[in-house]
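Read through the structure below, which is laid out as structure tokens, and then see the notes.
The values are calculated or read from the model by the stated rules, or taken from the named source; none is laboratory data. Note that the coordinates shown come from a computational prediction; the quantities given were computed from them, not determined experimentally. Reconstructed Cβ throughout: ideal geometry from the backbone, glycine too, with neighbour counts over all protein chains shown. All accessible areas refer to the heavy atoms of the entire protein, side chains included, with ligands and DNA or RNA removed. Shrake-Rupley method; radii C 1.70, N 1.55, O 1.52, S 1.80 Å.
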Amino acid sequence: MIEYIRGRVVRLNPAAVTVETAGGVAYQLNITLPTYSALEEQPEAVLWVHESIRDDAWTLFGFLEETERELFRQLVGVSGVGAGTARMILSAIPAAELPGVIAGSDLRRLKGVKGVGAKTAERIIVDLRDKIKTGDATLIQQSPADSEVFEEALAALVMLGFTAQQSRKVLGKLFDSEPGLKVEVAIRKALPLM
């Protein structure tokens with residue numbers, strides 16, 4: 001079992017990172033958007049690993065924090081939640097906020113994640129409400145739509161030809177994970193997700 005991987009970031013995109021270890025072996029790991037954002041300017045990385053071994057594939061998932069990996073593991077333990085859906089949830093809702101979302105039974109926020117319907121959101125809440133520790137997680141969050149930067153980025157994406165609805169959804173996820181984004185950075189990060 002691989003616990004973590006430390007090495008040089010060879011290739012990085014919003015869905016995966018390739019890390020070359022000191023021994024010259026390179027591993028491709030699937031990552032969340034917050035992990036991608038954190039690794040963008042980093043020449044090296046240490047990623048906590050979750051291995052998914054099936055008959056047809058051996059897939060590695062990488063996380064910056066051990067707590068994010070634990071949340072991922074708990075999510076994939078819920079019936080109907082696969083690795084792709086768990087990664088999408090952790091990309092849309094930061095790991096620091098997810099325990100509060102689950103503890104607060106915030107169905108709307110969970111259903112807002114692509115691939116998560118009402119039944120799956122309810123199952124996640126019922127299965128994990130008592131298992132996930134909320135700690136000091138806050139349940140109150142400022143809406144990204146209240147931000148002037150958000151509105152400027154939205155207007156720019158609409159001017160580039162994307163629909164307002166699609167742009168709002170993608171930007172909402174970006175600003176949920178990184179509330180302090182600048183307009184240019186938000187647009188650059190949104191374009192590959194459109």
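Given the structure, is Lys114 at pLDDT below 90 and outside any helix (DSSP H, G or I)?
yes
Quick one: in the range 33-75, which of the residues that are basic (Lys, Arg) and within 15 Å of the chain's Cα centre (by Cα) is surrounded by the fewest Cβ atoms within 10 Å (Cβ to Cβ)?
Per the stated criteria, the residue is Arg73.
Give me a count of the residues in the range 77-88 that are touching a residue at least 24 places away in the same chain (Cβ under 8 Å) and either touching a strand residue (DSSP E or B) at 6+ places or on another chain (Cβ under 9 Å) or over 15 Å from Lys119 (Cα atoms) (or both). Show your work before the answer.
Within the range 77-88, the first condition is being touching a residue at least 24 places away in the same chain (Cβ under 8 Å), and the residues that meet it are 77-81, 83-85, 87-88.
Subsequent filtering for residues that are either touching a strand residue (DSSP E or B) at 6+ places or on another chain (Cβ under 9 Å) or over 15 Å from Lys119 (Cα atoms) (or both) retains 77, 83-84, 87-88.
Count: 5.
For residues that are at pLDDT below 80, open to solvent by less than 60 Å² (accessible area, probe 1.4 Å) and touching a helix residue (DSSP H, G or I) at 6+ places or on another chain (Cβ under 7 Å), tally how many sit in the range 117-145. Can you show your working first?
Keep residues of the range 117-145 that are at pLDDT below 80, which gives 132-145.
In the following step, the residues that additionally are open to solvent by less than 60 Å² (accessible area, probe 1.4 Å) were identified as 132, 134, 137, 143-145.
Now narrow it down to the ones that are touching a helix residue (DSSP H, G or I) at 6+ places or on another chain (Cβ under 7 Å): 132, 134, 137, 144.
Counting residues in the range 117-145 that are at pLDDT below 80, open to solvent by less than 60 Å² (accessible area, probe 1.4 Å) and touching a helix residue (DSSP H, G or I) at 6+ places or on another chain (Cβ under 7 Å) gives 4.
Out of everything in the range 9-30 that is β-branched (Val, Ile, Thr) and in contact (Cβ under 8 Å) with a residue 40 or more places away in the chain, what residue ends up being surrounded by the fewest Cβ atoms within 10 Å (Cβ to Cβ)?
Step one: filter the range 9-30 for residues β-branched (Val, Ile, Thr), giving 9-10, 17-19, 21, 25.
With in contact (Cβ under 8 Å) with a residue 40 or more places away in the chain added as a condition, the list becomes 17, 19.
On the way: Val17: 23, Val19: 25.
Checked the range 9-30; the qualifying residue surrounded by the fewest Cβ atoms within 10 Å (Cβ to Cβ) is Val17.
As an exercise: evaluate Glu70 against (1) part of a helix (DSSP H, G or I); (2) among the acidic types (Asp, Glu); (3) closer than 23 Å to Pro192 by Cβ and give the number of the one condition it does not meet.
(3)
Return the total of residues in the range 50-67 being in a strand (DSSP E or B) and touching a Phe, Trp or Tyr at 6+ places or on another chain (Cβ under 8 Å). First the steps, then the outcome.
Taking the range 50-67 as the starting set, the residues that turn out to be in a strand (DSSP E or B) are 50-53, 58-63.
Going one step further and asking which of them are touching a Phe, Trp or Tyr at 6+ places or on another chain (Cβ under 8 Å), we end up with 50-52, 60-63.
Looking only at that region, the number is 7.
Within the range 146-185, can you find the residues that are within 22 Å of Gly100 (Cβ to Cβ), open to solvent by 60 Å² or more (accessible area, probe 1.4 Å) and not in a helix (DSSP H, G or I)?
Pro179, Gly180
Would you be able to say whether some residue in the range 91-106 is small (Gly, Ala, Ser), more than 21 Å from Val170 (Cα to Cα), assigned to a loop (DSSP other than H, G, I, E, B) and open to solvent by 60 Å² or more (accessible area, probe 1.4 Å)? Break it down into steps so the answer makes sense when it comes.
Filtering the range 91-106 for residues small (Gly, Ala, Ser) gives 91-92, 95-96, 100, 103-105.
Those still in the list that are more than 21 Å from Val170 (Cα to Cα) too: 100, 103-105.
Going one step further and asking which of them are assigned to a loop (DSSP other than H, G, I, E, B), we end up with 104-105.
Remaining after also requiring open to solvent by 60 Å² or more (accessible area, probe 1.4 Å): none.
No: the range 91-106 contains no residue that is small (Gly, Ala, Ser), more than 21 Å from Val170 (Cα to Cα), assigned to a loop (DSSP other than H, G, I, E, B) and open to solvent by 60 Å² or more (accessible area, probe 1.4 Å).
Please work out if Gly112 is under 22 Å from Ile2 (Cβ atoms) and open to solvent by less than 50 Å² (accessible area, probe 1.4 Å). So that I can check it myself, show each step before the final result.
Working: under 22 Å from Ile2 (Cβ atoms): no; open to solvent by less than 50 Å² (accessible area, probe 1.4 Å): yes.
So Gly112 does not fit the description; no.
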